[in-house]
Amino acid sequence: MSDKCSGLKSELMTEAEGIIDELVAWTADTPTPNLTQIEDIVLKLRQRLSERMALAVIEAQAAVRPVPGPNCPTCGREMHYKDRKANTVESRVGQLPLARGYYYCEACKSGLFPPGSTTGTVGQPLE
């Protein structure tokens, strides 16, 4: 396992342990929960862990800026790195606050905030 993956695993294990601790504390404080209450807390905690896991993997990929830049989805020319920008992306696991590289196409006057729209295709890598 690479150092990058070991660090990611350690970070996620710490996050998961904290969420499990919350569930254990909730269980101790709620001695006779009904099924709906149990489902509600489990779904809430699962959502948080899912968002954190997705964000951690995306951030690990964001540490490496692609050289050359990605191709413009409109004209196919290379896009140029402008800066890191913050954006909130709605994903299948929830909203993810990302700080990613922003790329701009001088020819089309359009920008791209990877992973961008290419992530909508199942099986495609994040670019």
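The values are calculated or read from the model by the stated rules, or taken from the named source; none is laboratory data. The model shown is predicted, which means the values in this text are computed figures rather than measured ones. Glycine gets a Cβ as well: all are built from the backbone with ideal geometry, and neighbour counts include every protein chain shown. For the accessible areas, the whole protein counts, side chains as well, though only heavy atoms, and no ligand, DNA or RNA atoms are used. Shrake-Rupley method; radii C 1.70, N 1.55, O 1.52, S 1.80 Å.
Quick notes
- Among (1) touching a strand residue (DSSP E or B) at 6+ places or on another chain (Cβ under 8 Å); (2) assigned to a helix (DSSP H, G or I) - the single one residue 99 does not satisfy: (2)
- Among the residues of region 71-87, those identified as on the phi < 0 side of the Ramachandran plot and either at pLDDT 85 or above or in a helix (DSSP H, G or I) (or both) are 71, 72, 73, 74, 75, 77, 78, 79, 80, 81, 82.
- Hey, residue 30 modelled with pLDDT of 80 or more, farther than 29 Å from residue 10 by Cβ and open to solvent by 80 Å² or more (accessible area, probe 1.4 Å) or not: no
- Taking region 82-96 as the range and being more than 11 Å from residue 113 (Cβ to Cβ) and open to solvent by less than 80 Å² (accessible area, probe 1.4 Å) as the test, the residues that pass are 91, 93, 94, 96.
- Only residues that are at pLDDT below 85 and either β-branched (Val, Ile, Thr) or open to solvent by 40 Å² or more (accessible area, probe 1.4 Å) (or both) were counted across region 98-119, and they come to 5.
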